[in-house]
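The values are calculated or read from the model by the stated rules, or taken from the named source; none is laboratory data. If you're wondering where the values come from, they're calculated on a predicted model, not measured in any experiment. Cβ placement follows ideal geometry from the backbone for every residue including glycine, while neighbour counts extend to all protein chains displayed. Heads up: the accessible areas ignore ligands, DNA and RNA and are worked out on the full protein's heavy atoms, side chains in. Shrake-Rupley method; radii C 1.70, N 1.55, O 1.52, S 1.80 Å.
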Amino acid sequence: MMMQRVALMLTLVCISSVVASAEEKPTFDSEQSKISFIGAKPDGKHDGGFKKFTAEATLNLEDPSKGSLKIEIDATSLWSDDDKLTNHLKNPDFFDVRKHPKITFESTKIEHDASQDKVNIVGKLTMLGKTVEVTIPSMPKLTEDMLVLAANFDIDRTKWGMTYGKGKINDDVAIRALLVFKR
């Protein structure tokens with residue numbers, strides 16, 4: 001009986017070490033990462049983005065659906081291709097950075113499509129004090145040294161109450177994200 005218990009404990013230790021090795025938390029590389037956006041209207045467009053943000057990822061190489069992603073953006077670091085526009089984007093008509101200095105994203109589900117080597121990262125995007133579920137299609141690149149998540153997708157700004165210029169400014173905003181993690 002004692003030998004069976006020892007064998008069972010050794011088996012559990014081995015299983016837990018295998019499970020633990022399947023999960024990995026790479027280090028975020030803020031120097032190589034970027035989040036930008038393109039806001040458009042019928043007669044033009046403007047580029048912008050955020051200079052400061054952090055991200056945390058958990059990888060599970062055996063079951064990618066068990067991974068996770070968290071992003072925290074410093075909304076006050078917002079920039080655009082026009083200084084006057086940058087100031088306007090920071091006021092209550094748009095991001096209201098004094099009242100809402102952070103934008104966050106936290107994944108709730110990761111759907112892996114091995115046949116196309118892509119993932120859909122489903123999660124909660126909180127902006128202007130409102131949380132909305134979004135799906136971010138991403139093309140991950142995993143090497144021995146790094147994980148790179150590249151995503152190009154649109155969000156409807158009005159879902160967070162950002163309605164200034166409705167009808168003159170497109171509701172959909174193109175988001176471009178490149179997140180780099182060192183392994």
**Prompt:** Here are some pairs, 34/90; 45/141; 141/166; 118/168; which of them have Cα atoms lying more than 26 Å apart in this structure?
**Reply:** 45/141; 141/166; 118/168
**Under the Karplus curve 6.51 cos²θ - 1.76 cosθ + 1.60, θ = phi - 60°, whole-Hz ³J(HN,Hα) for region 24-33, x wherever Gly or Pro sits** = 9, 10, x, 8, 5, 10, 5, 5, 9, 8
**Request:** Give me the angle, in degrees from 0 to 90, between the Cα long axis of helix 2-22 and the longest principal axis of the Cα atoms of the chain, rounded to the nearest 10.
**Result:** 30 degrees
**Item:** Normalised convex hull volume, region 47-127, alpha-carbon set, Å³ per residue
**Value:** 103 Å³
**Item:** Computed [θ] at 222 nm, helices only, for the chain once each DSSP H run of length n ≥ 4 contributes -39500 (n - 2.57)
**Value:** -5000 deg cm²/dmol
**Request:** Keeping all protein chains in place, calculate the accessible area per residue for the chain (probe 1.4 angstrom), answer in Å².
**Result:** 63 Å²
**Message:** Sequence gap at least 6, Cα distance under 8 Å: using those rules, report the relative contact order of region 27-182 to the nearest whole percent.
**Reply:** 25 percent
**Within region 156-183, backbone nitrogen closer than 14 Å to the virtual label 7 Å beyond the Cα of residue 81 toward Cβ** = 174
**Asked** What lysines sit close enough to residue 124 to cross-link, taking a C-alpha to C-alpha distance under 17 Å and skipping anything fewer than 8 places away on the same chain?
**Response** 66, 70, 102, 109, 159
**Asked** Based only on the alpha carbon positions, what is the Kirkwood hydrodynamic radius of the chain, in angstrom?
**Response** 18.3 Å
